[in-house]
1. Enumerate the aspartates and glutamates that Lys220 could reach by cross-link, defined here as Cα to Cα under 16 Å, with residues fewer than 8 away along the same chain left out.
2. For the stretch 211-221, just list the computed ³J(HN,Hα) in residue order, Karplus coefficients 6.51, -1.76 and 1.60, θ = phi - 60°, integers in Hz, with x standing in for Gly and Pro.
3. On a straight-distance basis, which lysines could pair with Lys392 in a cross-link, Cα separation under 24 angstrom, same-chain partners fewer than 8 positions away excluded?
4. Which entries in the list Lys133/Lys196; Lys107/Lys196; Lys196/Lys296; Lys107/Lys133 go over 22 Å, if you measure between the two C-alpha atoms of each?
5. Need one number: convex hull volume per residue for the stretch 24-167, Cα atoms only, in Å³.
6. Pop a pseudo-label 7 angstrom from the Cα along the beta-carbon direction at both Asp99 and Thr255 and give the gap in nm to one decimal.
7. Using all Cα-Cα distances in the stretch 135-273, what percent lands in each 5 angstrom bin from 0 up to the longest?
8. In whole Å, what is the distance between the alpha-carbon centres of the stretch 174-195 and the stretch 265-306?
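Any read-out appearing in this document is the output of simple, stated calculations on the displayed coordinates, not a laboratory observation. As the structure is a computational prediction, the values presented were derived from the model and not from experiment. All Cβ positions, glycine included, derive from the backbone under ideal geometry; neighbour counts span all protein chains shown.
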Amino acid sequence: MSQTKPVRITETILRDAHQSLIATRMSTERMLPIVEKLDQVGYHSLECWGGATFDASLRFLHEDPWDRLRKIKDKAKKTPLQMLFRGQNILGYRPYGDDVVEYFVQKSIANGIDIIRIFDCLNDLRNLETAVKASNKEEGHAQIALSYTLGDAYTLEYWTNIAKEIENMGADSICIKDMAGLLLPYKATELVTALKSAVKIPIQLHTHYTSGVASMTYMKAVEAGVDVIDCAMSPFALGTSQPATEVMVETFKGTPYDTGYDQNLLAEIADYFRPYRDECLESGLLNPKNMGVNIKTLLYQVPGGMLSNLTSQLKDLGAEDKYYEVLEEVPRVRKDFGECPLVTPSSQIVGSQAVMNVVAGERYKMVTKETKDVLSGKYGKTVKPFNPEVQKKCIGDAEVITCRPADLVPNELETLEAEMAQYKEQDEDVLSYALFPQVAIDFFKYREAQKTKMDASVADTKNGAYPV
Ligand code: CO
């Protein structure tokens with residue numbers, strides 16, 4: 001091969017890697033000292049923001065996610081920053097009014113995001129329109145991610161057709177988002193080859209090591225012409241996270257795909273994170289169980305995160321013995337729901353319904369509100385029709401939506417502003433509140449209390465009461 005085509009890497013250590021392995025608990029303080037070095041590598045982008053990072057910052061770390069973004073941007077002068085965005089659901093779990101989606105995109109870019117990876121849990125492109133348009137308008141890079149899944153409907157023809165639609169929508173690139181690690185190496189060759197010949201915009205591949213095939217999948221995808229792959233620095237790679245950055249860099253060294261990244265620099269970055277990994281192992285935050293190969297994901301086609309959710313739901317119900325029955329029920333529910341991909345929030349909705357179907361001893365005897373919403377079309381259109389009998393049993397004769405779901409959601413920014421006005425310290429606060437109302441208010445109160453404490457200690461110093 002004479003032509004050289006260096007593969008580019010998106011580094012996930014600040015987002016997906018710690019989300020997948022340590023429940024998204026890496027703090028801003030932990031990240032900042034290494035950002036300048038990460039910035040020198042020459043990565044395609046640095047993924048650092050998304051639904052879970054936003055939620056966990058506010059909820060568990062008592063940190064302002066906007067502040068984190070600004071601080072990272074301050075130190076990452078060259079490398080584009082990337083975020084993950086759940087289409088019309090933004091970073092939350094329900095469809096928002098267009099005005100909130102637009103405002104969120106605007107503020108994300110204003111605070112430092114360069115690339116927005118936008119996906120929809122049903123691959124209903126109508127749910128991505130507003131976010132893509134807003135991103136184009138703000139001159140951000142709009143990447144549309146296809147939620148990768150398996151099933152009769154998901155033929156190469158399906159994927160290439162949807163890729164063409166994405167290109168026509170004005171997306172700047174496409175990501176194959178394989179959240180469960182289902183894409184096998186030779187299937188990656190077929191898929192990437194087909195997509196590369198169908199569209200002109202770059203193709204990126206995102207996968208997880210859960211099922212043990214990920215680095216082989218990357219190798220085949222790179223050989224087939226994929227432009228960018230998502231990797232994580234080795235201390236937080238493998239298992240339910242991504243393939244290791246250093247390993248992929250070394251693999252392609254001296255080939256036409258050579259990244260040109262400096263292994264010594266990468267080694268310094270790994271040295272920084274390794275003691276933290278040890279700390280996480282010691283505290284139990286990093287569970288060695290998540291580090292191995294979970295072959296169940298291939299058997300049941302269920303993402304790793306969903307498996308652990310199912311375990312904890314069954315534990316709460318005292319029905320842990322029903323685990324395998326539930327695993328077998330998941331694909332049946334998915335089929336009833338038009339063979340949708342399993343990714344936030346559809347993974348939670350299908351998982352919870354599968355648990356209920358098994359625990360109640362009768363399918364769809366108990367039904368969640370979200371199940372009803374899915375079957376009423378409120379989340380959008382699925383690749384196959386819903387099972388009509390299940391739909392009838394769950395929603396009766398209720399009206400089924402066929403328009404773009406957000407057309408029925410009125411603009412809501414003004415109402416949200418009014419609800420949280422007393423806590424507002426920056427424009428972005430209304431967006432934190434829109435996504436996670438209770439969590440945001442708790443955080444605002446915490447922030448206020450911290451300030452009062454600080455003011456008090458400053459006053460003490462002035463009074464000479466400060467300990468010397
Ligand atoms: Co991921």
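1. Asp178, Glu190, Asp230, Glu250, Asp258
2. For the stretch 211-221, the Karplus-derived couplings read 8, x, 9, 4, 6, 5, 4, 4, 4, 5, 5 Hz, x marking Gly and Pro.
3. Cross-link targets: Lys335, Lys365, Lys369, Lys372, Lys378, Lys381, Lys384.
4. With Cα atoms farther than 22 Å apart: Lys133/Lys196; Lys107/Lys196; Lys196/Lys296.
5. 126
6. 5.2
7. 2, 10, 19, 21, 19, 15, 10, 4, 1, 0
8. Taking the Cα centre of the stretch 265-306 as reference, the centre of the stretch 174-195 is 22 Å away.
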